[in-house]
Each structure stands twice: as C-alpha cells, then as structure tokens.
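What follows is a single structure, written as structure tokens, with notes after it.
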Amino acid sequence: MEALVCMKLGDPTVPMTSDSSPIAAVTNFHPVPAIASSTSVRVRIRATSLNFANYLQILGHYQEKPPLPFIPGSDYSGVVESVGSGVSRFKVGDKVCSVAALGSFAEFIVADEQDLFLVPDGCDLIAAAALPVAFGTSHVALVHRAQLKPGQVLLVLGAAGGVGLSAVQIGKACGAIVIAVARGDEKVQFLKSLGVDHAVDLGKGNIIESVKNFLKSRNLKGVDVLYDPVGGKLTKESMKLLNWGANILIIGFASGEVPVIPANIALVKADLAFAAIKDRKAIGKVMITLGRSKL
C-alpha cells in the first residue's frame, strides 16, 4: 500500500526531494490493512485534508506523539471497499467520511462502522474530506458549548483558516452577527463574500477600535461569543470587547503562544468553554446539515 510516511520528526515543509525531509512517499510501507473485526470497514481513501495538528505531529510538537515511523493524516473521505460480517450501516460502494488519530495519508484505512459517516447526496468527496475536523470542531464549539443564538455577536479570530472559515459559516447559519478577523486584503474580501457582517484586516489599523466602531454603529453592547484558534496577544486584546456573560471558545494556539488571560475579566465577563471533536452526534448533524444546504 502506498502511503505518505513520517520517518523522522522535522519540518514537513522541507521538500521531499531533500535528505532532511521528515516525510517520504513509500510504496510498500505495509500491506493493505485487513478487516480487524466483524464491525470493521475498509475504505479506499479518495481525499484527505491537511490540518494544523498534522503539521504539529510531524514536527513532534503535538500532545500525542506516535512512535516512528507513522502515517499522518486525520479526516478523510472515500468509498467502502470491504466490510466485516457484522457491519449493518454500510455496504461496499458507499461514500463515507470520518476522522482518525493517524493514517489518512494512505490508499486505505480501516475504521469501525460506528466511526464512519455516510456522505449525503450533493456533497462531493473532496468537500467531505475537509469536513470532520474543521466543521466538527466548530459545530461542537458554537452549537453545543456556546449555544450560539440568532442575533448574538460572534467574533472569529483567524477567520481565514480551516476552523475559522467553518466557524464563520456555521455562525451565519445560526443567525449570528459575525465579525471576522484575518490578515490581508484577499482574505478579508473572501470573508466578505461569505456574508460576514464585519471583516477586520490584522495588518491595517487598530482591530479593537474597528470592532468597537462596528458594534456602536449597530447599537450592540459587545461580543457574545469569542472563537479563538489563534491565541497570543490577540486573545487578551479581544477580551476587551466581550459582553457580559460572553463565552470564550479556546480552539487552539496557531500563533504559537498560549495566552495569559486576566482572571478578573474571566470573573466578571465570560464563561470559558473548550471545544472538542469527539462528539460523534455533533459531526453527524453537520453531515445532515451539509446535505440539506450549503453552509
């Protein structure tokens, strides 16, 4: 089986033609994985996505460190190639998607049927491959943890990234007033095309003042939900914009800096919430939503 294999820890952006590259395309890394149990399903992978967590795993900076060598990769989509004798939810030929701790950068993967989701009609496999991690995380965070409601103000940091874009789209689907923060005019224009109510360019002017002016123009008191996959100084600054009883969703630290949150602000203004991808029912609801409408 062909797979992209992490042979040593290092910078995955180094070209694979270089001896210092930590990853390599291997034709015979191991045989096609066998059906492990009666409820196992083997999927021929059609598409897989690249997430920040994959980058951190290959660097060796992720909280879970698999033994070398390993096949990276998390969410994926594909076609059911074989099923165990006890599988009842899927049949050969079904289009499915899922998320795994490792292993999606390969031709095949084996998963238990309860961990797979049927890709609905109207959703192609390439789109489905990028769904579970990003949209699953944002759905759990916004719908289950923050319980985002129509008319509430949602501030999305890192809005042009994977989870950021999903948060923007889910926020709009929930009827929220969405403020998106990104860097660069191209990204800002793209966010505006998604219907955000206010987009802020990190590279231009004062972000806090820009958001405050927008809130004032709409006669809004503050931000009800802060969605933060960035961390660093921006987190602390954004807390100045929070409304009473706001929710802070800690998604990750793409900036590389874990923010120091002033406890007095958390005490008087916010509820802290942590989003996770392990809610299967939430991911299933995202799949149903995507099949019915375009987020």
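Protein heavy-atom accessible surface, 1.4 Å probe, per residue over region 174-268: 51 Å².
The stretch between Q189 and R218, if pulled fully straight at 0.36 nm per residue, gains 8.3 nm over its current Cα-Cα span.
Which value, in debye to the nearest 20, gives the size of the charge dipole of region 1-153 about its Cα centre, when Lys and Arg are +1 and Asp and Glu are -1 at the Cβ? Before the final figure, lay out the partial values.
On the way: 10 positive and 13 negative charges, 61 e Å.
Dipole about the Cα centre, nearest 20: 300 debye.
The 3J(HN,Hα) values that the Karplus relation (6.51, -1.76, 1.60; θ = phi - 60°) gives for region 198-204 are, in residue order, 7, 10, 10, 8, 4, x, 10 Hz. Gly and Pro appear as x.
Simple spin-label estimate for A101 and I265 gives 3.5 nm between the two label positions (7 Å along the Cα-to-Cβ direction from each Cα). Length available on full extension from D11 to L50: 0.36 nm per residue minus the Cα-Cα distance, which gives 12.6 nm. Distances between placed amide hydrogens fall under 5 Å for F70 paired with C6, all partners being 5 or more residues away or on another chain. Seen against the Cα atoms of the chain and their longest principal axis, helix 162-173 is set at about 60 degrees. Our coupling estimate for region 81-97, obtained by passing each phi through the Karplus curve with A = 6.51, B = -1.76, C = 1.60 and θ = phi - 60°, is 9, 7, 9, x, 5, x, 6, 10, 8, 9, 9, 4, x, 5, 8, 9, 9 Hz, Gly and Pro reported as x. By the helix-only formula, in which each DSSP H run with n ≥ 4 contributes -39500 (n - 2.57) and the sum is divided by residues, the chain has a 222 nm mean residue ellipticity of -7500 deg cm²/dmol. The phi-based Karplus calculation (6.51 cos²θ - 1.76 cosθ + 1.60; θ = phi - 60°) puts the 3J(HN,Hα) values of region 26-37 at 10, 6, 10, 5, 7, x, 4, x, 7, 5, 8, 8 Hz, whole numbers, x for Gly and Pro. Computed from the C-beta positions of A34 and Q147 and an R0 of 45 Å, the FRET efficiency is 0.55 to the nearest 0.05. Under 5 Å from the amide H of T39 lie the amide H atoms of G86, each residue being 5 or more positions distant or on a separate chain, with H modelled from the backbone and absent for Pro and chain starts.
FRET efficiency for T27 and I208, Cβ-Cβ distance as r, R0 = 51 Å, nearest 0.05? Please report the intermediate quantities before stating the final value.
Numbers: r = 53 Å, r/R0 = 1.04.
So the FRET efficiency works out to roughly 0.45.
Among Y55, Y227, the sequence by solvent-accessible area, most first, with a 1.4 Å probe is Y55, Y227. Computed packing ranks the peptides 194-204, 229-239 as 229-239, 194-204, most packed first, by mean other Cβ atoms within 10 Å.
To put it simply, the accessible area of region 100-217 at a 1.4 Å probe is 52 percent carbon and sulfur.
Expected output is a single nm value to one decimal: the length gained when fully extending between D197 and K236, i.e. 0.36 nm times separation in residues minus the C-alpha distance. What is it?
Values: separation 39, 0.36 × 39 = 14.04 nm, distance 2.26 nm.
Between D197 and K236, full extension yields an extra 11.8 nm.
If R0 is 30 Å, the Cβ-Cβ spacing of S85 and M1 corresponds to a FRET efficiency of close to 0.85.
Using per-residue counts of other Cβ atoms within 10 Å, averaged over each peptide, order 35-43, 171-179, 58-66 from highest down.
Numbers: 35-43: 18.1, 171-179: 22.1, 58-66: 13.2.
The packing order, highest mean first, is 171-179, 35-43, 58-66.
The values are calculated or read from the model by the stated rules, or taken from the named source; none is laboratory data. Please read these numbers as outputs of a predicted model, since none were measured by experiment. Methodologically, a virtual Cβ is constructed for each residue, glycine included, from the backbone with ideal geometry; neighbour enumeration extends over all protein chains shown. Surface areas here come from the heavy atoms of the whole protein model, side chains and all, with no ligands, DNA or RNA. Shrake-Rupley method; radii C 1.70, N 1.55, O 1.52, S 1.80 Å.
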